[in-house]
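**Student:** Shown below is the structure under consideration.
What follows is calculated from the coordinates using simple rules that are stated; it is not laboratory data. Just so we're clear, the structure is a prediction, and the values are computed from it rather than from any experiment. Every residue, glycine among them, receives a Cβ derived from its backbone with ideal geometry; neighbour counts consider all protein chains shown.
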Amino acid sequence: MQKEKIQELISLALEARKFSYSPYSHFEVGAALLAKNGRVFTGCNIENAGYTPTNCGERTAFFKAVSEGVREFTAIAVVAGPAGTKGDLAMGAPCGVCRQVMMEFCDPGEFLVIVAASVEKYEVYTLEQLLPCGFGPKDLGM
Ligand code: THU
């Protein structure tokens with residue numbers, strides 16, 4: 001994937017992070033999910049007083065896309081860090097639950113996960129690297 005496209009996705013994830021609803025952890029996450037049709041779906045983490053209903057930023061982006069009929073994806077950029085962080089964020093890779101959701105809709109050898117601290121500082125992984133031997137629809141014969 002071209003550097004310009006990666007940086008555009010990171011910028012959109014940084015914008016989405018501004019909407020993070022995280023009054024309990026104060027850990028703000030933003031994501032930008034690129035669909036194969038060219039559309040980008042953004043997401044942020046949405047916490048809950050009951051804690052477990054919390055939705056991660058990555059899954060928010062996926063569920064927005066799937067709920068609009070889009071199921072094929074190329075890449076996701078993720079940015080994460082404590083509220084009020086000045087300068088570079090930490091490199092926050094997606095949690096296991098989000099990796100499993102990616103596994104449902106993405107080819108693990110092709111789908112790219114961009115973990116970014118800033119538009120300049122990022123790392124690109126395939127889903128397969130983050131979730132080796134992942135269990136997915138193929139394992140159920142689909
Ligand atoms: N979080 C995400 O949004 N994505 C991840 O991959 C890891 C964790 C959120 C959940 C919760 O709102 C906060 O970060 C602290 O765990």
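**Student:** Which condition number does MET103 fail, the rest of (1) touching a Leu at 6+ places or on another chain (Cβ under 8 Å); (2) more than 24 Å from MET142 (Cβ to Cβ); (3) surrounded by fewer than 22 Cβ atoms within 10 Å (Cβ to Cβ) being met?
**Tutor:** Answer for MET103: the failing condition is (2).
**Student:** Identify the single condition in (1) away from the ligand (no atom under 12 Å from the Cβ); (2) in contact (Cβ under 8 Å) with a residue 40 or more places away in the chain that THR42 does not satisfy, given that it satisfies every other one.
**Tutor:** Of the numbered conditions (1) away from the ligand (no atom under 12 Å from the Cβ); (2) in contact (Cβ under 8 Å) with a residue 40 or more places away in the chain, the odd one out for THR42 is (2).
Results for (1) of a type in the set (D, E, K, R); (2) under 27 Å from GLU47 (Cα atoms), shown as yes or no for each residue.
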site	(1), (2)
GLY69	no, yes
ILE76	no, yes
VAL79	no, yes
ALA83	no, yes
ARG99	yes, yes
VAL113	no, yes
ALA116	no, yes
THR126	no, no
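**Student:** Go through the range 115-142 residue by residue and tally those that are crowded, with 19+ Cβ neighbours inside 10 Å and in contact with a Leu (Cβ under 6 Å, 6 or more places away or on another chain).
**Tutor:** Residues meeting the conditions: 1.
**Student:** Considering each residue of the range 1-38, count those that are basic (Lys, Arg) and within 11 Å of the ligand (Cβ to nearest atom), and give that number.
**Tutor:** 1
**Student:** Name the residues in the range 21-37 that are more than 15 Å from VAL124 (Cβ to Cβ), surrounded by 21 or more Cβ atoms within 10 Å (Cβ to Cβ) and either free of Cβ contacts under 8 Å to residues at least 40 places away in the same chain or among the hydrophobic types (A, V, I, L, M, F, W, C) (or both), would you?
**Tutor:** Residue satisfying the conditions is VAL29 alone.
**Student:** With the checklist (1) at positive phi; (2) of a type outside the set (Lys, Arg); (3) touching a residue at least 60 places away in the same chain (Cβ under 8 Å) in hand, flag the one item GLY84 doesn't pass.
**Tutor:** All conditions pass for GLY84, except number (3).
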